[in-house]
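This report refers to the structure that appears directly beneath it.
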There are 2 protein chains.
Amino acid sequence: MAAPIEFYFDFSSPFGYLASEKIDALAAKHGRDVVWRPFLLGAVFKITGGTAPMNVPVKGDYYRHDFPRTARLFGVAYNQPTSFPINTVNPARAFYWLDAKDPARAKDLARALLRAYFVDDIDISDTERMLAVCAGTGLKADEVREGIGDAGVKERTKTEVDQAIAKGVFGSPYMVVDGEPFWGSDRLDQVEKWLATGGW
Amino acid sequence: MAAPIEFYFDFSSPFGYLASEKIDALAAKHGRDVVWRPFLLGAVFKITGGTAPMNVPVKGDYYRHDFPRTARLFGVAYNQPTSFPINTVNPARAFYWLDAKDPARAKDLARALLRAYFVDDIDISDTERMLAVCAGTGLKADEVREGIGDAGVKERTKTEVDQAIAKGVFGSPYMVVDGEPFWGSDRLDQVEKWLATGGW
(Lines give C-alpha, C1' and ligand atoms only; values in the text may rest on other atoms or scores of the structure.)
Protein backbone atom coordinates (compact mmCIF):
# COMPACT_ATOMS: atom_id res chain seq x y z
CA MET A 1 0.00 0.00 0.00
CA ALA A 2 1.20 3.49 -0.81
CA ALA A 3 2.25 5.84 1.99
CA PRO A 4 -0.54 7.10 4.22
CA ILE A 5 -1.85 10.65 4.00
CA GLU A 6 -0.80 12.84 6.93
CA PHE A 7 -3.77 14.76 8.29
CA TYR A 8 -2.95 17.67 10.62
CA PHE A 9 -5.75 19.50 12.40
CA ASP A 10 -6.57 21.51 15.50
CA PHE A 11 -9.57 20.36 17.53
CA SER A 12 -10.91 23.93 17.49
CA SER A 13 -10.74 24.34 13.72
CA PRO A 14 -14.09 24.22 11.86
CA PHE A 15 -12.43 23.43 8.54
CA GLY A 16 -10.33 20.80 10.28
CA TYR A 17 -13.54 19.24 11.54
CA LEU A 18 -15.14 19.34 8.06
CA ALA A 19 -12.08 17.69 6.53
CA SER A 20 -12.01 15.07 9.31
CA GLU A 21 -15.43 13.90 8.19
CA LYS A 22 -14.21 13.38 4.62
CA ILE A 23 -10.54 12.53 4.55
CA ASP A 24 -10.58 8.79 5.36
CA ALA A 25 -13.26 7.91 2.82
CA LEU A 26 -11.50 10.02 0.20
CA ALA A 27 -8.19 8.31 0.93
CA ALA A 28 -9.74 4.84 0.94
CA LYS A 29 -11.07 5.38 -2.59
CA HIS A 30 -7.44 5.62 -3.64
CA GLY A 31 -6.17 2.77 -1.46
CA ARG A 32 -4.62 5.05 1.15
CA ASP A 33 -4.68 5.15 4.91
CA VAL A 34 -4.71 8.39 6.86
CA VAL A 35 -2.54 9.18 9.87
CA TRP A 36 -4.21 11.78 12.10
CA ARG A 37 -1.95 14.33 13.76
CA PRO A 38 -3.70 16.92 15.95
CA PHE A 39 -1.59 20.00 16.60
CA LEU A 40 -2.09 23.32 18.37
CA LEU A 41 -2.82 26.40 16.29
CA GLY A 42 -1.93 28.48 19.35
CA ALA A 43 1.65 27.24 19.11
CA VAL A 44 1.73 28.10 15.39
CA PHE A 45 0.38 31.60 15.94
CA LYS A 46 3.22 32.29 18.38
CA ILE A 47 5.62 31.74 15.47
CA THR A 48 3.67 33.17 12.56
CA GLY A 49 2.29 36.13 14.49
CA GLY A 50 -1.15 35.04 13.34
CA THR A 51 -4.41 34.90 15.20
CA ALA A 52 -7.66 32.97 14.85
CA PRO A 53 -9.48 34.36 11.79
CA MET A 54 -12.59 34.84 13.90
CA ASN A 55 -10.72 37.47 15.88
CA VAL A 56 -9.87 39.49 12.77
CA PRO A 57 -12.22 42.42 12.10
CA VAL A 58 -14.49 41.91 9.05
CA LYS A 59 -12.99 38.45 8.35
CA GLY A 60 -14.67 37.02 11.45
CA ASP A 61 -18.12 37.98 10.17
CA TYR A 62 -17.42 36.27 6.88
CA TYR A 63 -16.31 33.07 8.57
CA ARG A 64 -19.35 32.96 10.86
CA HIS A 65 -21.33 32.80 7.62
CA ASP A 66 -18.95 30.58 5.65
CA PHE A 67 -18.47 27.79 8.23
CA PRO A 68 -22.11 26.62 8.29
CA ARG A 69 -22.55 27.32 4.58
CA THR A 70 -19.59 25.13 3.66
CA ALA A 71 -20.72 22.48 6.17
CA ARG A 72 -24.12 22.32 4.44
CA LEU A 73 -22.35 21.93 1.09
CA PHE A 74 -20.25 19.10 2.57
CA GLY A 75 -23.37 17.49 4.05
CA VAL A 76 -21.81 17.64 7.51
CA ALA A 77 -23.70 18.68 10.68
CA TYR A 78 -22.38 21.95 12.12
CA ASN A 79 -23.37 24.26 14.95
CA GLN A 80 -21.13 27.20 15.74
CA PRO A 81 -19.72 26.46 19.21
CA THR A 82 -20.59 29.02 21.88
CA SER A 83 -17.08 29.04 23.28
CA PHE A 84 -14.81 29.56 20.27
CA PRO A 85 -11.97 29.19 19.59
CA ILE A 86 -10.74 27.13 22.54
CA ASN A 87 -7.46 25.80 23.89
CA THR A 88 -7.15 22.25 22.58
CA VAL A 89 -4.18 20.86 24.47
CA ASN A 90 -6.35 18.46 26.48
CA PRO A 91 -8.06 16.85 23.48
CA ALA A 92 -4.66 16.61 21.74
CA ARG A 93 -3.15 14.86 24.77
CA ALA A 94 -6.11 12.48 25.03
CA PHE A 95 -5.60 11.64 21.37
CA TYR A 96 -1.87 10.96 21.66
CA TRP A 97 -2.37 8.98 24.88
CA LEU A 98 -4.71 6.63 23.03
CA ASP A 99 -2.81 6.76 19.72
CA ALA A 100 0.20 5.14 21.38
CA LYS A 101 -1.97 2.13 22.20
CA ASP A 102 -4.52 2.00 19.40
CA PRO A 103 -4.35 4.48 16.49
CA ALA A 104 -7.69 3.43 15.02
CA ARG A 105 -9.46 3.96 18.31
CA ALA A 106 -7.68 7.29 18.74
CA LYS A 107 -9.19 8.39 15.44
CA ASP A 108 -12.64 7.37 16.64
CA LEU A 109 -12.06 9.36 19.81
CA ALA A 110 -11.00 12.39 17.77
CA ARG A 111 -14.16 12.14 15.69
CA ALA A 112 -16.28 11.94 18.85
CA LEU A 113 -14.53 14.98 20.35
CA LEU A 114 -14.88 17.02 17.16
CA ARG A 115 -18.58 16.18 16.87
CA ALA A 116 -19.14 16.93 20.54
CA TYR A 117 -17.65 20.38 19.99
CA PHE A 118 -18.98 21.25 16.54
CA VAL A 119 -22.38 19.57 16.71
CA ASP A 120 -23.38 19.34 20.38
CA ASP A 121 -21.66 22.55 21.54
CA ILE A 122 -19.72 20.77 24.29
CA ASP A 123 -16.68 22.79 25.36
CA ILE A 124 -13.99 20.11 25.06
CA SER A 125 -11.34 22.45 26.52
CA ASP A 126 -13.05 21.77 29.85
CA THR A 127 -11.43 18.64 31.28
CA GLU A 128 -14.55 17.16 32.92
CA ARG A 129 -16.71 17.73 29.85
CA MET A 130 -14.01 16.25 27.63
CA LEU A 131 -13.71 13.22 29.89
CA ALA A 132 -17.48 12.71 29.65
CA VAL A 133 -17.17 12.60 25.86
CA CYS A 134 -14.30 10.11 26.17
CA ALA A 135 -16.44 7.97 28.48
CA GLY A 136 -19.18 8.05 25.86
CA THR A 137 -16.83 6.23 23.47
CA GLY A 138 -16.28 3.44 26.00
CA LEU A 139 -13.06 4.73 27.56
CA LYS A 140 -12.69 4.94 31.32
CA ALA A 141 -12.69 8.58 32.39
CA ASP A 142 -10.13 7.98 35.12
CA GLU A 143 -7.71 6.33 32.70
CA VAL A 144 -7.99 9.26 30.31
CA ARG A 145 -7.54 11.70 33.18
CA GLU A 146 -4.38 9.89 34.19
CA GLY A 147 -3.27 9.71 30.55
CA ILE A 148 -3.53 13.43 29.83
CA GLY A 149 -1.65 14.17 33.05
CA ASP A 150 1.17 11.77 32.21
CA ALA A 151 4.55 13.40 31.61
CA GLY A 152 5.31 11.11 28.65
CA VAL A 153 2.00 11.94 26.98
CA LYS A 154 2.58 15.64 27.50
CA GLU A 155 6.04 15.30 25.99
CA ARG A 156 4.75 13.27 23.03
CA THR A 157 2.10 15.90 22.35
CA LYS A 158 4.66 18.70 22.47
CA THR A 159 6.98 16.76 20.17
CA GLU A 160 4.20 16.12 17.66
CA VAL A 161 3.26 19.80 17.60
CA ASP A 162 6.90 20.84 17.19
CA GLN A 163 7.38 18.31 14.39
CA ALA A 164 4.25 19.51 12.61
CA ILE A 165 5.47 23.10 12.72
CA ALA A 166 8.95 22.01 11.60
CA LYS A 167 7.30 20.33 8.59
CA GLY A 168 5.63 23.61 7.67
CA VAL A 169 2.15 23.05 9.10
CA PHE A 170 0.69 26.51 9.78
CA GLY A 171 -3.06 26.03 9.46
CA SER A 172 -5.83 23.48 9.89
CA PRO A 173 -6.51 21.21 8.13
CA TYR A 174 -3.13 20.57 6.52
CA MET A 175 -2.73 17.42 4.50
CA VAL A 176 0.42 15.89 3.06
CA VAL A 177 0.24 13.41 0.17
CA ASP A 178 3.56 11.88 -0.82
CA GLY A 179 5.34 14.98 0.45
CA GLU A 180 2.94 17.38 -1.27
CA PRO A 181 1.25 19.80 1.17
CA PHE A 182 -2.32 21.03 0.94
CA TRP A 183 -3.83 23.56 3.33
CA GLY A 184 -7.54 23.91 3.90
CA SER A 185 -10.71 21.91 3.50
CA ASP A 186 -11.11 23.74 0.18
CA ARG A 187 -8.03 21.86 -1.05
CA LEU A 188 -9.67 18.44 -0.60
CA ASP A 189 -10.54 18.43 -4.29
CA GLN A 190 -6.85 19.00 -5.05
CA VAL A 191 -5.89 16.21 -2.62
CA GLU A 192 -8.27 13.90 -4.46
CA LYS A 193 -6.94 14.91 -7.84
CA TRP A 194 -3.35 14.47 -6.64
CA LEU A 195 -4.19 10.96 -5.40
CA ALA A 196 -5.87 10.10 -8.68
CA THR A 197 -3.22 11.50 -11.01
CA GLY A 198 0.02 11.59 -9.03
CA GLY A 199 0.28 15.32 -9.53
CA TRP A 200 0.03 17.93 -12.26
CA MET B 1 -30.98 39.55 -16.80
CA ALA B 2 -30.25 38.74 -13.17
CA ALA B 3 -27.99 41.05 -11.15
CA PRO B 4 -24.32 41.02 -12.11
CA ILE B 5 -21.70 39.32 -9.96
CA GLU B 6 -19.45 41.73 -8.11
CA PHE B 7 -15.81 40.76 -8.49
CA TYR B 8 -13.37 42.43 -6.07
CA PHE B 9 -9.65 41.89 -6.49
CA ASP B 10 -6.28 43.47 -5.87
CA PHE B 11 -3.90 43.74 -8.85
CA SER B 12 -1.16 42.16 -6.74
CA SER B 13 -3.20 39.11 -5.69
CA PRO B 14 -2.28 35.80 -7.39
CA PHE B 15 -5.63 34.23 -6.52
CA GLY B 16 -7.36 37.39 -7.72
CA TYR B 17 -5.54 36.97 -11.03
CA LEU B 18 -6.51 33.29 -11.28
CA ALA B 19 -10.16 34.12 -10.58
CA SER B 20 -10.06 36.98 -13.11
CA GLU B 21 -9.25 34.46 -15.82
CA LYS B 22 -12.32 32.38 -14.96
CA ILE B 23 -15.09 34.54 -13.53
CA ASP B 24 -16.64 36.02 -16.69
CA ALA B 25 -16.95 32.70 -18.51
CA LEU B 26 -18.36 31.08 -15.38
CA ALA B 27 -20.89 33.89 -14.96
CA ALA B 28 -21.87 33.83 -18.65
CA LYS B 29 -22.78 30.13 -18.37
CA HIS B 30 -25.45 31.24 -15.93
CA GLY B 31 -26.53 34.33 -17.86
CA ARG B 32 -24.73 36.77 -15.60
CA ASP B 33 -22.49 39.73 -16.17
CA VAL B 34 -19.56 40.54 -13.90
CA VAL B 35 -18.73 43.98 -12.53
CA TRP B 36 -15.00 44.26 -11.76
CA ARG B 37 -14.02 46.26 -8.71
CA PRO B 38 -10.28 46.45 -7.98
CA PHE B 39 -9.50 47.45 -4.41
CA LEU B 40 -6.35 47.85 -2.33
CA LEU B 41 -5.39 45.08 0.07
CA GLY B 42 -3.03 47.55 1.75
CA ALA B 43 -6.03 49.62 2.85
CA VAL B 44 -7.74 46.48 4.18
CA PHE B 45 -4.68 45.38 6.14
CA LYS B 46 -4.63 48.75 7.92
CA ILE B 47 -8.05 47.86 9.34
CA THR B 48 -7.73 44.11 9.85
CA GLY B 49 -4.15 44.26 11.11
CA GLY B 50 -3.33 41.68 8.45
CA THR B 51 -0.36 41.40 6.16
CA ALA B 52 0.33 39.77 2.82
CA PRO B 53 0.47 35.99 3.40
CA MET B 54 3.82 35.86 1.64
CA ASN B 55 5.28 37.88 4.50
CA VAL B 56 4.10 35.40 7.14
CA PRO B 57 6.75 32.89 8.26
CA VAL B 58 6.10 29.32 7.06
CA LYS B 59 2.89 30.36 5.26
CA GLY B 60 4.90 32.23 2.64
CA ASP B 61 6.79 29.09 1.63
CA TYR B 62 3.53 27.22 1.20
CA TYR B 63 2.07 29.93 -1.01
CA ARG B 64 5.16 30.11 -3.21
CA HIS B 65 4.42 26.45 -3.95
CA ASP B 66 0.62 26.71 -4.04
CA PHE B 67 0.26 29.67 -6.42
CA PRO B 68 1.87 27.97 -9.46
CA ARG B 69 0.39 24.58 -8.54
CA THR B 70 -3.15 25.99 -8.46
CA ALA B 71 -2.48 27.98 -11.63
CA ARG B 72 -1.50 24.76 -13.42
CA LEU B 73 -4.70 23.12 -12.17
CA PHE B 74 -6.69 26.11 -13.49
CA GLY B 75 -4.83 25.95 -16.79
CA VAL B 76 -3.71 29.56 -16.37
CA ALA B 77 -0.19 30.82 -17.13
CA TYR B 78 1.65 31.96 -14.00
CA ASN B 79 5.13 33.17 -13.17
CA GLN B 80 5.84 34.37 -9.67
CA PRO B 81 6.58 38.11 -10.03
CA THR B 82 10.04 39.18 -8.90
CA SER B 83 8.72 42.24 -7.11
CA PHE B 84 5.90 40.96 -4.91
CA PRO B 85 3.58 42.06 -3.47
CA ILE B 86 3.39 45.57 -4.91
CA ASN B 87 1.44 48.76 -4.32
CA THR B 88 -1.46 48.67 -6.77
CA VAL B 89 -2.95 52.14 -6.51
CA ASN B 90 -1.79 53.11 -10.02
CA PRO B 91 -3.37 50.13 -11.79
CA ALA B 92 -6.56 50.66 -9.75
CA ARG B 93 -6.71 54.32 -10.77
CA ALA B 94 -6.07 53.44 -14.42
CA PHE B 95 -8.94 50.97 -14.20
CA TYR B 96 -11.41 53.41 -12.67
CA TRP B 97 -10.35 56.16 -15.07
CA LEU B 98 -11.29 53.92 -18.00
CA ASP B 99 -14.26 52.29 -16.26
CA ALA B 100 -16.03 55.65 -16.11
CA LYS B 101 -15.90 55.80 -19.90
CA ASP B 102 -16.03 52.17 -21.01
CA PRO B 103 -16.42 49.37 -18.42
CA ALA B 104 -15.83 46.57 -20.94
CA ARG B 105 -12.57 48.14 -22.07
CA ALA B 106 -11.58 48.71 -18.44
CA LYS B 107 -11.94 44.97 -17.88
CA ASP B 108 -9.72 44.28 -20.89
CA LEU B 109 -7.16 46.68 -19.47
CA ALA B 110 -7.30 44.94 -16.09
CA ARG B 111 -6.70 41.59 -17.76
CA ALA B 112 -3.73 43.00 -19.65
CA LEU B 113 -2.25 44.48 -16.46
CA LEU B 114 -2.74 41.26 -14.48
CA ARG B 115 -1.13 39.17 -17.23
CA ALA B 116 1.74 41.64 -17.56
CA TYR B 117 2.41 41.24 -13.85
CA PHE B 118 1.72 37.54 -13.35
CA VAL B 119 2.96 36.17 -16.67
CA ASP B 120 5.54 38.64 -18.04
CA ASP B 121 6.93 39.80 -14.67
CA ILE B 122 6.35 43.47 -15.44
CA ASP B 123 6.22 45.55 -12.26
CA ILE B 124 2.94 47.39 -12.82
CA SER B 125 3.45 49.49 -9.68
CA ASP B 126 6.02 51.38 -11.74
CA THR B 127 4.14 54.14 -13.56
CA GLU B 128 6.15 54.07 -16.78
CA ARG B 129 6.02 50.29 -17.08
CA MET B 130 2.30 50.32 -16.36
CA LEU B 131 1.74 52.99 -19.00
CA ALA B 132 3.60 50.84 -21.51
CA VAL B 133 1.19 47.98 -20.80
CA CYS B 134 -1.74 50.38 -21.22
CA ALA B 135 -0.31 51.53 -24.53
CA GLY B 136 -0.12 47.90 -25.60
CA THR B 137 -3.92 47.69 -25.33
CA GLY B 138 -4.33 50.67 -27.66
CA LEU B 139 -4.68 53.40 -25.05
CA LYS B 140 -2.62 56.57 -25.30
CA ALA B 141 -0.01 56.59 -22.55
CA ASP B 142 -0.33 60.33 -22.02
CA GLU B 143 -4.08 60.09 -21.56
CA VAL B 144 -3.68 57.35 -18.97
CA ARG B 145 -0.97 59.36 -17.23
CA GLU B 146 -3.31 62.32 -17.03
CA GLY B 147 -6.16 60.06 -15.94
CA ILE B 148 -4.37 58.48 -12.99
CA GLY B 149 -3.26 61.95 -11.86
CA ASP B 150 -6.78 63.38 -12.03
CA ALA B 151 -8.26 64.37 -8.67
CA GLY B 152 -11.68 62.96 -9.59
CA VAL B 153 -10.17 59.60 -10.56
CA LYS B 154 -8.20 59.49 -7.34
CA GLU B 155 -11.34 60.27 -5.36
CA ARG B 156 -13.38 57.65 -7.26
CA THR B 157 -10.70 55.03 -6.54
CA LYS B 158 -10.64 55.91 -2.85
CA THR B 159 -14.44 55.78 -2.69
CA GLU B 160 -14.54 52.38 -4.39
CA VAL B 161 -11.98 50.97 -1.95
CA ASP B 162 -13.86 52.43 1.03
CA GLN B 163 -17.14 51.01 -0.25
CA ALA B 164 -15.60 47.58 -0.79
CA ILE B 165 -14.30 47.53 2.77
CA ALA B 166 -17.65 48.79 4.08
CA LYS B 167 -19.28 45.85 2.29
CA GLY B 168 -16.98 43.44 4.11
CA VAL B 169 -14.37 42.81 1.42
CA PHE B 170 -11.20 41.76 3.25
CA GLY B 171 -9.37 39.53 0.78
CA SER B 172 -8.84 38.93 -2.92
CA PRO B 173 -10.69 37.68 -4.84
CA TYR B 174 -14.01 38.38 -3.17
CA MET B 175 -17.14 37.70 -5.14
CA VAL B 176 -20.73 38.64 -4.32
CA VAL B 177 -23.63 36.78 -5.94
CA ASP B 178 -27.05 38.15 -5.08
CA GLY B 179 -25.73 39.44 -1.77
CA GLU B 180 -23.91 36.19 -0.96
CA PRO B 181 -20.15 36.68 -0.38
CA PHE B 182 -17.42 34.24 -1.41
CA TRP B 183 -13.75 34.76 -0.63
CA GLY B 184 -10.98 33.10 -2.58
CA SER B 185 -10.39 31.48 -5.92
CA ASP B 186 -11.06 28.18 -4.13
CA ARG B 187 -14.65 29.32 -3.68
CA LEU B 188 -15.27 29.54 -7.44
CA ASP B 189 -16.88 26.11 -7.31
CA GLN B 190 -19.24 27.40 -4.64
CA VAL B 191 -19.97 30.50 -6.72
CA GLU B 192 -20.84 28.26 -9.64
CA LYS B 193 -23.05 26.03 -7.51
CA TRP B 194 -24.77 29.07 -5.99
CA LEU B 195 -25.49 30.41 -9.49
CA ALA B 196 -26.83 27.03 -10.61
CA THR B 197 -28.99 26.33 -7.58
CA GLY B 198 -29.77 29.68 -5.98
CA GLY B 199 -28.15 28.55 -2.75
CA TRP B 200 -28.12 25.65 -0.35
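The values are calculated or read from the model by the stated rules, or taken from the named source; none is laboratory data. Because the structure is a prediction, the values reported are computed rather than measured. Note that each Cβ is placed from the backbone with ideal geometry, even for glycine, and that neighbours are counted across all protein chains shown. Surface areas here come from the heavy atoms of the whole protein model, side chains and all, with no ligands, DNA or RNA. Shrake-Rupley method; radii C 1.70, N 1.55, O 1.52, S 1.80 Å.
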### Query
With respect to the symmetry axis carrying chain B onto chain A, which residue of chain B exhibits the smallest Cβ distance to that axis, and what is the value in whole Å?
B:Asp186, 2
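Would you mind telling me the share, in percent, of accessible area of the protein assembly as shown contributed by carbon and sulfur at probe 1.4 angstrom? Show your work: numbers first, answer last.
On the way: 8500 of 16770 Å².
Whole-percent figure for carbon plus sulfur exposure: 51.
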### Task
Shortest first and in nm with one decimal, please list how far the B:Ala104 label point sits from its counterparts in the other copies (point 7 Å along Cα→Cβ).
6.3
#### Entry: Label geometry 7 Å along the beta-carbon vector: A:Ala166 inter-copy distances in nm
5.2
### Query
Taking R0 as 41 Å, what's the FRET efficiency between B:Phe84 and A:Asn87 from their Cβ-Cβ distance, rounded to 0.05?
0.70
### Message
Report for the protein assembly as shown the percent antiparallel among DSSP-assigned beta bridges with both residues inside it, nearest 5.
### Response
60
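How much length would be gained if the chain were fully extended between A:Lys193 and A:Lys140, taking 0.36 nm per residue of separation minus their Cα-Cα distance, in nm to one decimal?
Numbers: separation 53, 0.36 × 53 = 19.08 nm, distance 4.08 nm.
Gain in length upon complete extension: 15.0 nm.
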### Message
Under a crude label model (7 Å from the Cα following the beta-carbon direction), how far is B:Val35 from A:Glu180 in nanometres?
### Response
4.0
### Query
Ordering B:Lys29, A:Lys193, B:Lys167 by how much accessible area each has at a 1.4 Å probe, largest first, what is the list?
B:Lys29, B:Lys167, A:Lys193
### Query
Which entries in A:Lys29/B:Lys59; B:Lys29/B:Lys107; B:Lys101/B:Lys154; A:Lys29/A:Lys140; A:Lys59/B:Lys22 show an alpha-carbon gap greater than 27 Å?
A:Lys29/B:Lys59; A:Lys29/A:Lys140
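Please give the average number of partner chain Cβ atoms lying within 10 Å of the Cβ of each residue in B:58-69, rounded to a whole number.
Details: counts 11, 7, 2, 3, 8, 1, 0, 3, 6, 0, 0, 8.
Mean partner-chain Cβ count within 10 Å for B:58-69: 4.
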### Inter-copy separations for A:Ser83, label at 7 Å along Cα-Cβ, nm, ascending
5.1
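Which whole number gives the average, over all residues in B:191-200, of C-beta atoms from other chains lying within 10 Å of the residue C-beta? List each step's numbers first, then the result.
Working: counts 0, 0, 1, 2, 0, 0, 0, 0, 2, 4.
Average per residue, whole number: 1.
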### Message
Quick check on the stretch B:16-65: take the gyration tensor over C-alpha atoms, sort the square-rooted eigenvalues as a ≥ b ≥ c, and tell me if it's rounded (a/c under 1.5), prolate or oblate.
### Response
oblate
